[in-house]
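All remarks here apply to the structure that follows.
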Amino acid sequence: MRKSFKVYFILALCLMLLASLSSCKSDEQKAMEKQIKTANKLLSSKSKIFDESTRSNLKKVIKDSENSANDKSYKKSTDKLKAAIKAYRDSIKQQKQVTRPSQKFIIERVSNIESIVQVEAATEETDTNNLMNKPKGYYAYIALSSSMVPAESKLYSSPVENGNEGGGAIEVYKTAKLAKARDAYLSTFDSPGALSPGTHRVVGTMVVRTSSKLKASQQRALEKNIIDALIKLK
């Protein structure tokens, strides 16, 4: 009985000590630990992100925060954690925007891109690739006519008829797997010549393409402008 009492007494003292140590934490330290908890919860979630660098940066900021030892460093770490958490959350929102987006959303976003003079969505009747709404095909195809493509390279007045060669195109799929499969298929034609598909990049569940008629620097600039427009948060 006496032995049990001693054990309970020691446990009670330990609990009191832990409570005492916890109460000794400054507001700055508590604020930092709260942000660390939030950050770890985000990292353990199943939410997909657009920019993987936001994940590695958040992990680094958490690790760096562990070296904080005074109120000044706690405050500094808290600010860095908040910024990294915001970037991670924004990346989640961006990924949602490029996952099965609506045709209307894409047209609204790309219509104001510099050098894009005309935007047109294909229908099953006008889709020259004949992939619209088929099992492994896209559910939306938006053709982009660019002022950077020479007029003589545009055989038709319709962006859809000119297709990707007129400037660029965005193919929208139901899953990232289908978009990646399309991208892999286009890669088999990646060589100079009449069959060159131009540049192509998977963005969410889309394949963003630019014309082979553009110079390499123009392709990079247009691709970046398209992606930036699609992931912009409002």
Spatially proximal aspartates and glutamates relative to Lys86 (Cα-Cα < 17 Å; intrachain offsets below 8 disregarded): Glu33, Asp51, Glu52
Under the Karplus relation 6.51 cos²θ - 1.76 cosθ + 1.60, θ = phi - 60°, what is the ordered set of whole-Hz ³J(HN,Hα) values for region 138-149, x standing for Gly and Pro? 8, 9, 8, 9, 10, 8, 10, 9, 10, 5, 7, 7
From the phi angles alone, apply the Karplus equation (6.51, -1.76, 1.60; θ = phi - 60°) to region 106-120 and give each ³J(HN,Hα) in whole Hz, x where the residue is Gly or Pro. 5, 4, 4, 6, 8, 4, 9, 6, 4, 5, 7, 9, 7, 10, 9
Here is the link list: Lys46/Lys75; Lys177/Lys234; Lys174/Lys224; Lys37/Lys177; Lys104/Lys180. Which ones come out longer than 26 Å on Cα distance? Lys46/Lys75; Lys177/Lys234; Lys37/Lys177
To the nearest 500 deg cm²/dmol, what mean residue ellipticity at 222 nm is calculated for the chain from DSSP H runs of n ≥ 4 alone, each contributing -39,500 (n - 2.57), summed and divided by the residues? -17000 deg cm²/dmol
If you average the alpha carbon positions of region 58-99 and of region 142-162, how far apart do those two centres end up, in angstrom? 44 Å
Rank Ser47, Ser217, Ser145 by mean-square fluctuation in a GNM of the chain with C-alpha springs under 10 angstrom and give only the top-ranked residue. Ser217
Order these by the 10 Å Cβ neighbour count, fewest first: Val207, Val117, Val110. Val117, Val110, Val207
What label, among [x] 1.53; [y] 1.26; [z] 1.06, belongs to Cα Rg over 2.2 N^0.38 Å computed from the structure on display? [x]
Straight-line reach from Lys215: which aspartates and glutamates have a Cα under 19 Å away, not including same-chain ones fewer than 8 places off? Glu114, Glu152, Glu165, Asp190, Glu223
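Read the figures in this text as sums done on the coordinates, not as results from a lab. No experiment lies behind these values; they were computed from the predicted model shown. Virtual Cβ from ideal backbone geometry, glycine too; neighbours counted across all protein chains shown.
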